[in-house]
Structure formats: structure tokens, C-alpha cells
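Participant: Below you'll find the structure I mean.
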Amino acid sequence: MKKLLLTLLAGASCIAVASPASFPIQCNNSVTITATSTLGDVQQCLIKKQKTSKGLYEVKFEDNNNHTYTCKFATSYPDAQINSCED
């Protein structure tokens with residue numbers, strides 16, 4: 001039983017977990033993203049990928065330091081406000 005528990009704990013520690021992003025995020029073109037930014041604001045950043053996933057619109061983008069963030073929105077309309085962002 002102890003071996004099984006240790007194996008499970010070791011495996012769990014290897015899984016990457018996204019953490020909430022710290023705002024503000026500075027994009028390459030002098031755009032600042034905050035918790036109240038919209039999809040239109042985020043789309044001014046260097047976009048890596050955009051897609052709908054699990055009912056939310058996701059946008060992956062990079063900041064000034066080439067760090068990738070994923071922000072989620074309720075809709076794909078430019079005025080949709082950020083629901084959450086992870087880095």
C-alpha cells in the first residue's frame with residue numbers, strides 16, 4: 001500500500017499545473033492586459049492560437065518576455081471581458 005501511495009504521489013508531482021496569471025501583462029506592442037481587459041485588447045498582442053474549448057473562447061498569446069498566457073472568454077466577441085488567464 002505504501003509503494004502504491006508513493007508511486008501515485010510521485011506521478012502527481014510530475015504533472016504540470018497552470019497557475020493564475022498576475023496582472024498587468026505587458027504585450028510586445030505596448031498593450032497592457034489587466035483583469036478587466038477585453039478579447040479585443042488581448043487580440044492586439046502576439047497571438048499564438050485561438051480556439052473554442054469547453055464552451056469558452058481561448059486565446060494563447062505572448063508577453064514582452066516571450067512568456068505564453070492562455071486567457072478564456074465567454075464569447076468570441078471583441079467586447080467579451082476576460083474570465084480567467086493562466087500562465
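Where a number appears in this text, it was derived from the coordinates with a stated rule and is not lab data. Note that the coordinates shown come from a computational prediction; the quantities given were computed from them, not determined experimentally. Here Cβ is always computed from backbone atoms with ideal geometry, including for glycine, and neighbour counts include all displayed protein chains.
Participant: From the C-alpha coordinates alone, can you work out the Kirkwood hydrodynamic radius of the stretch 37-87, in Å?
Facilitator: 10.6 Å
Participant: How long is the gain from Glu62 to Lys49 if the chain were fully straight, where each residue apart is worth 0.36 nm and the alpha carbon distance is subtracted?
Facilitator: On the way: separation 13, 0.36 × 13 = 4.68 nm, distance 1.02 nm.
Result for the pair: 3.7 nm of gain on full extension.
Participant: Excluding Glu62 itself, what net charge comes from residues whose Cβ is under 12 Å from its Cβ, given Lys and Arg +1 and Asp and Glu -1? Each step should come with its number before you reach the end.
Facilitator: On the way: positive: Lys48, Lys49, Lys60; negative: Asp63, Asp87.
That works out to +1.
Participant: Go ahead and run the numbers for FRET between Glu86 and Asn29, Cβ-Cβ distance against an R0 of 25 Å, rounding to 0.05.
Facilitator: Numbers: r = 22 Å, r/R0 = 0.87.
The calculated FRET efficiency here is 0.70.
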